[in-house]
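So the structure is just underneath, and the comments pick up after that.
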Amino acid sequence: MTIRHLQHKQIDPLKWDGAIFRSRVPQAYALFGYLNKITDNHWSALVYGDYEAVFPLPLKQKFGITYVVQPIFCQQLGAFGTCTNVSTMDFVNAIPKHFVRVRMNLNPYFDKQNKPVLTVKTNLVLPLSSQPDYNKDCRKNLLGLQKYPIQFEENKISIQDAVGVYRQAWGNSNLQLTLNDYNRFVGACETLQESHNGVLTISATNTETNELLGAAIILRLTNLDQHQIQLLQYVCAGPTAEGKPMGIMHGIIDAAIQKHLGPNTVFDFEGSSIPSVAAFYKKFGPVDNPYYLFKRGL
């Protein structure tokens with residue numbers, strides 16, 4: 001069998017999502033509906049056999065040239081499926097040459113990539129099969145939050161409102177993100193929630209003043225294998241002006257972790273290459289499970 005390049009209209013949505021869900025570690029980013037929304041339907045794909053393995057190609061066009069690029073709010077893609085007769089690098093080498101520029105983040109779960117030709121990127125993950133070993137500073141911050149009347153709730157606020165909290169907290173630090181980027185992400189999350197119940201919002205509220213203190217969006221997917229693996233991806237979060245001085249994000253992350261402790265569950269912090277952000281995530285005791293950046297062309 002060979003790897004075929006399919007245009008968007010040629011992709012079978014059911015077979016595509018089946019390949020994602022059968023992957024050892026499925027990722028919500030790669031589902032058909034999520035990709036449609038986050039790219040405005042502008043993606044094609046490489047498919048091996050009868051969707052035994054798949055590889056999405058998100059596309060953009062500039063000055064009449066179409067190129068492959070990693071979308072916003074889509075940390076990793078790469079190869080998905082169950083087939084062992086094809087590798088990530090087989091897919092990479094099959095990317096059509098008419099795409100003169102390629103920039104893609106490849107997940108580490110399909111196989112072991114040929115690392116010499118790829119750039120290694122930090123990604124911190126926390127297995128939730130047992131109680132995590134938070135560091136001293138994290139435990140101190142969580143203890144400090146106990147003096148406040150705070151309620152942590154799951155799916156209490158909307159995806160739109162949670163994204164609004166993120167924009168208010170970090171929008172000035174991410175000026176490259178446009179309103180269309182945020183709207184595409186909201187649409188992608190709403191599609192994922194409607195089709196697969198794959199989105200969680202975690203919010204913190206002061207029960208005395210009813211003030212929102214912070215919020216997070218977590219993407220959730222479980223594979224269809226008998227050894228089920230649930231991946232929770234902490235994709236978008238922020239404190240409000242009231243919650244930031246309290247260190248509310250410690251509590252929001254802890255609330256999500258405690259809610260979903262269990263075998264074969266992994267909490268993915270999504271990075272980070274930013275030292276201060278990585279230092280914050282490391283308080284919760286994660287390990288580095290790097291993904292890979294592939295670059296070709298101009």
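How high is the relative contact order of the range 73-213, in percent, with contacts defined as C-alpha pairs under 8 Å that are six or more residues apart?
On the way: 92 pairs, mean separation 32.8, N = 141.
Normalised by residue count, the contact order of the range 73-213 is 23 percent.
List every residue whose amide H lies under 5 Å from the amide H of residue 123, counting only residues 5 or more places away in sequence or on a different chain, with H placed 1.01 Å from N in the peptide plane.
Distant-sequence amide H within range of residue 123: 289, 291.
Before rounding to the nearest 500, sum -39500 (n - 2.57) across all DSSP H runs of length at least 4 in the chain and divide by the residue total; then give [θ] at 222 nm in deg cm²/dmol.
That calculation yields -8500 deg cm²/dmol at 222 nm.
What is the sum of charges around residue 45, taking Lys and Arg as +1, Asp and Glu as -1, for the other residues whose C-beta is under 14 Å from the C-beta of residue 45?
It works out to a net charge of -1.
What percentages, rounded to whole numbers, describe P(r) for the range 3-120 computed over all alpha carbon pairs with 10 Å bin width beginning at zero?
Cα pair-distance distribution for the range 3-120, in percent: 14, 51, 32, 3.
Evaluate the range 224-298: find the radius of gyration of its Cα atoms, find its Kirkwood radius, and give the ratio Rg to Rh.
Radius of gyration relative to Kirkwood radius: 1.05.
Could I have the simple spin-label model distance between residue 103 and residue 136, label points 7 Å from Cα toward Cβ, reported in nm to one decimal?
4.1
Obtain the radius of gyration and the Kirkwood radius of the range 82-141 from its C-alpha atoms and give Rg over Rh. Don't skip to the end; give the middle numbers.
On the way: Rg = 17.9 Å, Rh = 15.3 Å.
Rg divided by Rh gives 1.17.
Order the peptides 284-291, 126-133, 157-164 from the highest to the lowest mean number of other Cβ atoms within 10 Å of their residues. Before the final figure, lay out each step's value.
Values: 284-291: 16.4, 126-133: 14.4, 157-164: 18.8.
With the highest mean Cβ count within 10 Å placed first, the list reads 157-164, 284-291, 126-133.
Compute a Gaussian network model of the chain, connecting alpha carbons closer than 10 Å, and tell me which residue from 269, 99, 110 fluctuates the most.
99
With an 8 Å Cα cut-off and a minimum separation of 6 or more residues, compute the relative contact order for the chain in percent.
25
Which lysines, if any, have their Cα less than 30 Å from the Cα of residue 259, not counting same-chain residues under 8 positions apart?
Result set, ordered by chain and number: 37, 121, 136, 140, 147, 156, 244, 282, 283.
For all pairs of alpha-carbon atoms in the chain, what percent lies in each bin of width 10 Å, listed from the first bin to the last filled one?
6, 27, 35, 22, 8, 2, 0
What ranking, highest mean first, results for peptides 172-179, 136-143 when packing means the other Cβ atoms within 10 Å averaged over each residue?
136-143, 172-179
Size of the dipole of the chain about the Cα centre, Lys and Arg at +1 and Asp and Glu at -1 on the beta carbon, nothing else charged, in debye to 20?
With only Lys, Arg, Asp and Glu charged at Cβ, the dipole is about 980 debye.
Would you please give the FRET efficiency between residue 161 and residue 279, computed as 1/(1 + (r/R0)^6) with r the Cβ-Cβ distance and R0 = 25 Å, to the nearest 0.05?
Efficiency, from the Cβ-Cβ distance: 0.30.
How many nm is it between the label spots at residue 112 and residue 85, if each spot is 7 Å from the Cα in line with the beta carbon?
2.3
Could you tell me what a quarter of the Cα convex hull surface of the range 50-185 works out to, in nm² with one decimal place?
With every direction weighted equally, the projected area is 13.5 nm².
Where a number appears in this text, it was derived from the coordinates with a stated rule and is not lab data. Keep in mind that what you see is a predicted model, and the values were worked out from it rather than measured. In this analysis, Cβ positions are derived from the backbone assuming ideal geometry, glycine residues included, and neighbour counts consider all displayed protein chains.
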